[in-house]
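These notes are about the structure you will find just below.
The values are calculated or read from the model by the stated rules, or taken from the named source; none is laboratory data. Just so it is clear, the model here is predicted, and its values are computed rather than measured. Virtual Cβ from ideal backbone geometry, glycine too; neighbours counted across all protein chains shown. To get the accessible areas, we keep the full protein, side chains included, count just its heavy atoms, and leave off ligands, DNA and RNA. Shrake-Rupley method; radii C 1.70, N 1.55, O 1.52, S 1.80 Å.
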Amino acid sequence: MDLDPSQKKQLQQLRTILWRRWWLTVLGLWLAVGSLSLWNLRPEIILLRQYFTWTALRYGLLYHRLAALGLGLCLGLTVALLLAESRYLLFGLAKEEQQRLETWLQRINRQGPRHPLWTSLHRGKLN
């Protein structure tokens, strides 16, 4: 599908909006789940600051599985977003992602002002 310049600009805006939402989700996850996980691990963190060993780290996470799961979720999502953004910066938009964004953009334009993202995408065209 060949896009005109205004559609390409809207596609880029949609991608930017979605990435900002993902990063806000990750930030919220770190503030909620990550901080609670670190708070739960504070005795082990104090011990690790004095005598760091990989075994102490392993057992600290093993005996605090919920905190380890929370930190794993936060770290995993952060690394996944960083890798996806790096892939985009190095290679551009993947064909599947572009098709998905184009379909989403068509759905937004078809719904018009009733869609929550419509005003964000058509901000400069309103007169």
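For this structure, a couple of remarks:
- Filter result for L71 (of a type outside the set (S, T, Y), over 30 Å from D4 (Cβ atoms) and in contact (Cβ under 8 Å) with a residue 12 or more places away in the chain): yes
- Qualifying residue in the range 11-23 (condition: among the basic types (K, R) and at pLDDT below 90): no
- Long-range neighbours under 6 Å by Cβ, at least six apart or interchain, first residue under 21 Å from V33 (Cβ atoms) and modelled with pLDDT of 90 or more within the range 49-66, second open to solvent by less than 100 Å² (accessible area, probe 1.4 Å) and in a helix (DSSP H, G or I): G60/E44; L61/A68; H64/N40
- Any hit, the range 110-121, residues being among the aliphatic types (A, V, I, L, M), out of contact with any Cys (no Cβ under 6 Å at 6 or more places or on another chain) and open to solvent by 30 Å² or more (accessible area, probe 1.4 Å): no
- Of all the residues in the range 42-81, those that are in a helix (DSSP H, G or I), exposed (fewer than 12 other Cβ atoms within 10 Å of the Cβ) and not β-branched (V, I, T) number 10.
- Positions within the range 18-48 being in contact with a helix residue (DSSP H, G or I) (Cβ under 6 Å, 6 or more places away or on another chain) and β-branched (V, I, T), in sequence order: V26, V33
- Residues satisfying the stated conditions in the range 13-34, i.e. among the polar types (S, T, N, Q), within 20 Å of L82 (Cβ to Cβ) and either open to solvent by 50 Å² or more (accessible area, probe 1.4 Å) or touching a residue at least 24 places away in the same chain (Cβ under 8 Å) (or both): T25
- Only listed residue being modelled with pLDDT under 95 and within 30 Å of L14 (Cβ to Cβ), chosen from T78, T103: T103
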